[in-house]
Amino acid sequence: MRLLNASGCLDALAAQSVACQLDGFVTKTVTPEPRQGNRPVRIAETELGMLNAIGLANPGRDRFLSQILPELTSTLDVPIWVSVGGFSARDYAETCEQLDGSDAVAAVELNLSCPNVDEAPESAAEIVAACRAATSLPLYAKLSPAAWDLADVACAVEAAGADGLSLVNTMRGTVLGSDLRPTLATVTGGYSGQPLKPIALAAIYTCRRASELPIVGMGGVQCGRDVLEFVACGATDVALGTILFADPDAAQRVRTELRAALEESGLERLEDAFCAAHETVAALDNHT
């Protein structure tokens, strides 16, 4: 099991020591053209968690490839995953094509579900298929838990050539200020933090029942017990997100807590917990 960061939750060039505690670093989403992102206010704390409406602010593909990726490669000693975004299948595929063959890139995460920008008109499967034709790099499809047919989407991206799934992206939410007006300039933003955990567990569980693809689980991970539960639902890797803002050294702590959580559960290895949450359902299926 690898411990990663969720895209957008860590600046590795500003916090190298934090990134190097991970088993891999996932970049902020890269789009073909530079983006300033949404106007302020773009971040709002809630009672439990936070909302962000950054809007995929990034320097664009050309600068990322010519400047940022080389800096990351020379700075980090962990594998680099590039998060790729866009507003059409062609946007995604062209970026993947330019990343293809790069020794600096371990995998590509396709951000197919950002709640803060307009989505591409093509389906997730169509975008994955276009990217699969453009690169031989491993492709992970990052999906939204809001899809009512999440299992079908997972199967569709697998058939289109995805090598893995990233579950889950943030959920759309709104927070009001004391004046009863929306705090965010965009009114809605992506909700993340501890309360997202049950939603993420359900999504991982659902997709594991439908697919054998590797799954990077994320959403509300705070401690070692959370990692254990994600693996029990079917995650093969886990990413830390919002917790990194409050606790930059969370990776070290989570690993220590995970060892304790395994012992408390009577397990010797994390592999022994994989898909443990599915055993009751499997028993019921066999019985019927």
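Every residue, every condition in (1) touching a helix residue (DSSP H, G or I) at 6+ places or on another chain (Cβ under 8 Å); (2) modelled with pLDDT under 95; (3) surrounded by fewer than 21 Cβ atoms within 10 Å (Cβ to Cβ); (4) assigned to a loop (DSSP other than H, G, I, E, B), yes or no:
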| position | (1), (2), (3), (4) |
| --- | --- |
| S17 | no, no, yes, no |
| L22 | yes, no, no, yes |
| K28 | no, no, no, yes |
| E33 | yes, no, yes, yes |
| R39 | no, no, yes, yes |
| L51 | no, no, no, no |
| I54 | no, no, yes, yes |
Problem set entry | Residue that is farthest from Q16 (Cα to Cα), among those in the range 58-68 that are of a type outside the set (K, R), free of Cβ contacts under 8 Å to residues at least 40 places away in the same chain and in a helix (DSSP H, G or I) | D62
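With the structure loaded, tell me whether A232 is hydrophobic (A, V, I, L, M, F, W, C), touching a residue at least 40 places away in the same chain (Cβ under 8 Å) and touching a Lys or Arg at 6+ places or on another chain (Cβ under 6 Å) or whether it fails that test.
no
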Problem set entry | Output for the range 114-160, where each listed residue is touching an Asp or Glu at 6+ places or on another chain (Cβ under 8 Å) and assigned to a loop (DSSP other than H, G, I, E, B) | A120, T135, S136, L137, P138
Exercise. From the list P138, P115, which one is under 22 Å from I204 (Cα atoms) and surrounded by 17 or more Cβ atoms within 10 Å (Cβ to Cβ)?
Worked result: P115
Exercise. Taking into account only those residues within the range 181-206 that are part of a strand (DSSP E or B) and among the polar types (S, T, N, Q), which is surrounded by the most Cβ atoms within 10 Å (Cβ to Cβ)?
Worked result: S192
Exercise. If we scan the range 108-118, do we find a residue that is in contact with a Leu (Cβ under 6 Å, 6 or more places away or on another chain) and over 22 Å from T242 (Cβ atoms)?
Worked result: yes
Seminar exercise, completed: Per the list (1) at pLDDT below 95; (2) on the phi > 0 side of the Ramachandran plot, residue check on G161 breaks on (1)
Exercise. Does V227 fit the bill of being crowded, with 23+ Cβ neighbours inside 10 Å, touching a Pro at 6+ places or on another chain (Cβ under 6 Å), of a type in the set (A, V, I, L, M) and on the phi < 0 side of the Ramachandran plot?
Worked result: no
For this session: Give the residue that is farthest from A107 (Cα to Cα), with candidates limited to residues of the range 207-219 that are out of contact with any helix residue (DSSP H, G or I) (no Cβ under 8 Å at 6 or more places or on another chain) and in a loop (DSSP other than H, G, I, E, B).
Result: E212
For this session: Consider G101 carefully, then state whether it is on the phi < 0 side of the Ramachandran plot, surrounded by fewer than 16 Cβ atoms within 10 Å (Cβ to Cβ) and of a type outside the set (A, V, I, L, M, F, W, C).
Result: no
Seminar exercise, completed: Scanning the range 72-87 residue by residue, the ones that are part of a loop (DSSP other than H, G, I, E, B), within 16 Å of the chain's Cα centre (by Cα) and of a type in the set (F, W, Y) total 0
Seminar exercise, completed: Within the range 174-208, residues being of a type outside the set (S, T, N, Q) and under 18 Å from the mean Cα position of the chain (by Cα) number 17
Exercise. Pairs, please: C-beta under 7 Å, at least 6 apart or cross-chain, first residue in contact (Cβ under 8 Å) with a residue 60 or more places away in the chain and under 15 Å from T186 (Cβ atoms) and in the range 45-57, second surrounded by 15 or more Cβ atoms within 10 Å (Cβ to Cβ) and aliphatic (A, V, I, L, M)?
Worked result: M50/A44; L51/A44; L51/V175; L51/L184; A53/L184; G55/V117; L56/V117
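Would you call L143 surrounded by 21 or more Cβ atoms within 10 Å (Cβ to Cβ), within 27 Å of G37 (Cα to Cα) and in contact (Cβ under 8 Å) with a residue 40 or more places away in the chain?
Values: surrounded by 21 or more Cβ atoms within 10 Å (Cβ to Cβ): yes; within 27 Å of G37 (Cα to Cα): yes; in contact (Cβ under 8 Å) with a residue 40 or more places away in the chain: yes.
Judged against the criteria, L143 is a match.
The values are calculated or read from the model by the stated rules, or taken from the named source; none is laboratory data. This one's a predicted model, so the numbers in the text were calculated from it and none came from an experiment. No Cβ is skipped: glycine too gets one built from the backbone with ideal geometry, and neighbour counts run over all protein chains shown.
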